[in-house]
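Data first, discussion second: the structure below is written as C-alpha cells.
The values are calculated or read from the model by the stated rules, or taken from the named source; none is laboratory data. On a predicted model such as this, the values are computed, not experimentally measured, just so you know. In this analysis, Cβ positions are derived from the backbone assuming ideal geometry, glycine residues included, and neighbour counts consider all displayed protein chains. Quick note on the areas: whole protein, heavy atoms, side chains included, nothing else; ligands and nucleic acids left out. Shrake-Rupley method; radii C 1.70, N 1.55, O 1.52, S 1.80 Å.
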Amino acid sequence: MAKPIVAIVGRPNVGKSTLVNRICQQRDAIVHESRGVTRDRSYHEADWNGRDFIIVDTGGIESVKSDDVFAPRIREQAIAACDEADVIIFVVDGDVGITEEDEEVARVLRKSDTPVFLVVNKLDDPAHEEATWEFYSLGVGEPRPLSAVHGHGTGDLLDEVVAAFPEEVPDEEYPADALNVAIIGRPNVGKSSLANRLAGTERSIVSDVAGTTRDAIDIVIEHDGRPIRLVDTAGMRKRSTVHEDVEYYSVVRGLRAMDRADVCLLVVDSSVGVTEQDQKIAAMAIERGCALAVLLNKWDLLTTDQERDDVIESLAARMTFARWAPVLRISALTGRSIAKVLDLACAIAETHAIRISTARINALVTQIRESGHTITSGNRRLKINYATQTGVEPPAITFFCNAPDLIDDSYERYLENRIREGFDLTGTPLRLRFRSKEASSK
C-alpha cells in the first residue's frame, strides 16, 4: 500500500527541517539525502495514530530577485508540491511576519485542491497566538501557531494532517495472486510507452483499477495465465511550467510505486546512458526490498558500436551495487524485446521469493570455513557456526557466529558474493544478518 506524501514547503530559515525532525522523531531518511538530484531534499518515514506516511523536506524556496521579479523556482516548487503531494504543510516565520516569498507561494497554493495547512512557526509561547492573525491575509486557511523546537502544536497539527489523507484503496480490489510490477525511472525515458506496449501486446486487459496515486491507473493484465498488475508511477507528464522540481517529484512518484511493487523495472534512456538519478532510483528500489531489472530503452537510437559500448560502460560504472540485476535492451517504440520483459519480471519474482534449505546454506558455510577466509582482531577470530534463511521477498539469511561485531562491509560483501555464486539470486537484493551464537539458544 502506497504511503501518503506530506510535502513541507516554505522559504529558507522558517524551521522546516526542524519540523521534519520533530515529526519524524529523528528517524533516518528512507533512502538517503538526495543531494545532487533533488537539491538537498530528503525523504523520511513518519507515523501518527497508526498511519504511516512519507514526509518530504523540500528545502528552502529561494527567491532571486531581478527588478522585483521572483525566480521561477518559487512557483515551480509550489506547483509541483500541489500536483504530487497528498497534503501540504506551508511553514512561515512568526517572528518575521509575512514576506513577499510567502505571498508568492500562497498565490500558488490558493489555486490547489490539495489540503494545505498553514503553520506559523517559532511561536515558542503558546500565549502569543495573536501573532498569527496577520497570516490570515495569505488566504490559505487558518494559521496554526507552532513551535517546531519545543513541539508546541505539533500533535494537533498531525491529527488534522492524518485526517486529511486520502482513503486507502483496499487490496481486495486487485487479484490476490497478482504480481505487482512497477515501471520506474526518470521522466521522459519511455515508462508510459513501455506500459502501453505491455498492455497492448498482451491484448487481455482484465481491469483498470484506480490506484492510490492522483491521476494514476494500475493496469491488470494476464501473462501466461498469471495476473500482473502494472503499477503506474503516476502522471509521467512533464509540465512545461515545471522543470527541476518535476525531476524531484518524479522520485516521489517512484517511491509511491515501489511501496506497492514486488518487482521494479528501471527504465533507462540508452541515448543518454545511466545517470546519477537512475542510480539513486535503483538504490531506492533495493532499499525497499524490491526485485530489480534494468531496461535499456531506446536501444534502436544507438547506431554505432561506440555508442552502445558507452551505454554499457555507464551501466557498469553506475550500477556496481547491483551487478545482480539483469539487463534487457529494448525499444518501446519499435517493440524490440518487449515480449521478453514480462518473462524477465516473472523470473526475478521467483528468485525474490526463493527459499533455500538450511542444509544447503550450511554446506556453503562449511566451504567458507574450510577456505580459511575470516576476520581477526587481536586475539579474536570470527567463526561462523551456522546460517539459516529467515526471510523472503527479498531473501534474508541470518548467520550465527561468535563475534558479529567483527564483521565489516568488506566481509559482508564477500559473504554475499559467495552466496550468489552458490545460488541463483538473479534480480533480487539479499539481506544478511548476523547474530551471536548465544542469541540462537534464547
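Just need the relative contact order of region 329-442 here, percent rounded to a whole number, with Cα pairs under 8 Å and 6+ apart.
27 percent
Within the straight-line cut-off of under 20 Å between alpha carbons, the lysines reachable from residue 437 are 383, sequence neighbours fewer than 8 places apart in one chain being disregarded.
Peptides 284-293, 178-187 ordered by packing proxy, namely the average of other Cβ atoms within 10 Å per residue, highest first: 178-187, 284-293.
Given a 1.4 angstrom probe, what's the average accessible area per residue across region 321-442, in square angstrom? Don't skip to the end; give the middle numbers.
Values: 6480 Å² over 122 residues.
Per residue, region 321-442 has an accessible area of 53 Å².
Pair-distance distribution P(r) for region 261-324, from all Cα-Cα distances in 5 Å bins starting at 0: 4, 19, 30, 22, 15, 7, 3, 1 percent.
Annotation for residue 271 and residue 301: the two label points, set 7 Å from Cα along the Cα-Cβ direction, are 0.3 nm apart.
Structure note, pairs 3/191; 122/280; 111/191: Cα-Cα distances above 25 angstrom occur for 122/280; 111/191.
In whole percent, how big is the carbon plus sulfur part of the accessible area of region 316-410, probe 1.4 Å, protein atoms only?
Details: 2340 of 4920 Å².
Result for region 316-410: 48 percent of the exposed heavy-atom area is carbon or sulfur.
Assuming R0 = 41 Å, can you tell me the calculated FRET efficiency for the pair residue 379 and residue 420, based on Cβ-Cβ distance, to the nearest 0.05? The value I calculate is 0.80.
In terms of the mean number of neighbouring beta-carbon atoms within 10 Å, the peptides 92-102, 316-326 order highest first as 92-102, 316-326.
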